[in-house]
1. Would you mind working out the magnitude of the charge dipole of segment 17-115 relative to its Cα centre, with +1 at each Lys and Arg C-beta and -1 at each Asp and Glu C-beta, to the nearest 20 Debye?
2. Hand me the trypsin sites (Lys or Arg not before Pro) from segment 17-63 located in a DSSP loop with no more than 12 other Cβ atoms within 10 Å, in residue order please.
3. Under 23 Å from the Cα of LYS86, which lysines turn up, not counting those fewer than eight places away in the same chain?
4. At R0 = 30 Å, how high is the FRET efficiency between GLN39 and ASN73 if r is their beta carbon distance? Nearest 0.05 is fine.
5. Return the sequence-ordered ³J(HN,Hα) values of segment 34-40 in whole Hz as given by the Karplus equation 6.51 cos²θ - 1.76 cosθ + 1.60 applied to θ = phi - 60°, using x for Gly and Pro.
6. What are the residues whose amide H is under 5 Å from the amide H of PHE67, where those residues sit 5 or more places off or on another chain and H is modelled from the backbone?
7. Measure off 7 Å from each Cα along the Cα-to-Cβ vector at MET5 and GLU46, then give the distance between these two points in nanometres to one decimal.
8. Averaged per residue, what accessible surface does segment 8-115 expose to a 1.4 Å probe, in Å²?
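The values are calculated or read from the model by the stated rules, or taken from the named source; none is laboratory data. As the structure is a computational prediction, the values presented were derived from the model and not from experiment. Cβ: placed from backbone, ideal geometry, glycine included. Neighbour counts: every protein chain shown. Keep in mind that these areas ignore ligands, DNA and RNA; they rest on the heavy atoms of the full protein, side chains included. Shrake-Rupley method; radii C 1.70, N 1.55, O 1.52, S 1.80 Å.
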Amino acid sequence: QVQLMESGGGLVQPGGSLRLSCAASGSTSSLYDMGWYRQAPGKQRELVAHISGGGTTNYADSVKGRFTISRENVKNTVYLQMNSLKPEDTTVYYCYIIWRGAYYWGQGTQVTVSS
């Protein structure tokens with residue numbers, strides 16, 4: 001089994017920054033793909049950023065140039081650095097890991113961008 005623990009959400013003003021963290025524990029290794037989704041009420045779930053076990057990244061068009069995903073394999077942790085935040089980035093962010101072909105999810109962390 002795999003467990004994911006997220007942290008780093010909160011309230012920030014437009015133009016500000018936040019860094020989300022997601023630590024994986026259990027039967028994991030550094031070779032698994034991880035990433036972040038977000039889902040606002042009444043909207044479809046959106047893939048925000050993905051990082052492969054080898055470090056290849058991809059991003060939603062809406063966050064390119066503003067968000068950066070990275071991983072620290074020794075700690076089995078993935079990060080999402082979010083800069084130049086906009087009110088439309090407000091929602092719950094969910095970390096995931098793809099382990100043995102299945103998705104495992106964190107509990108979600110709220111990000112609110114507001115003045």
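1. With only Lys, Arg, Asp and Glu charged at Cβ, the dipole is about 40 debye.
2. Taking segment 17-63 and a limit of 12 other Cβ atoms within 10 Å, the loop trypsin sites (Lys or Arg not before Pro) found are LYS43, ARG45.
3. LYS43, LYS64
4. With a Förster radius of 30 Å, E is 0.65.
5. With the stated coefficients, segment 34-40 comes to 9, x, 9, 10, 9, 8, 8 Hz.
6. So PHE67 has HN proximity to ASN83.
7. Simple spin-label model gives 3.0 nm for this pair.
8. Accessible area per residue: 51 Å².
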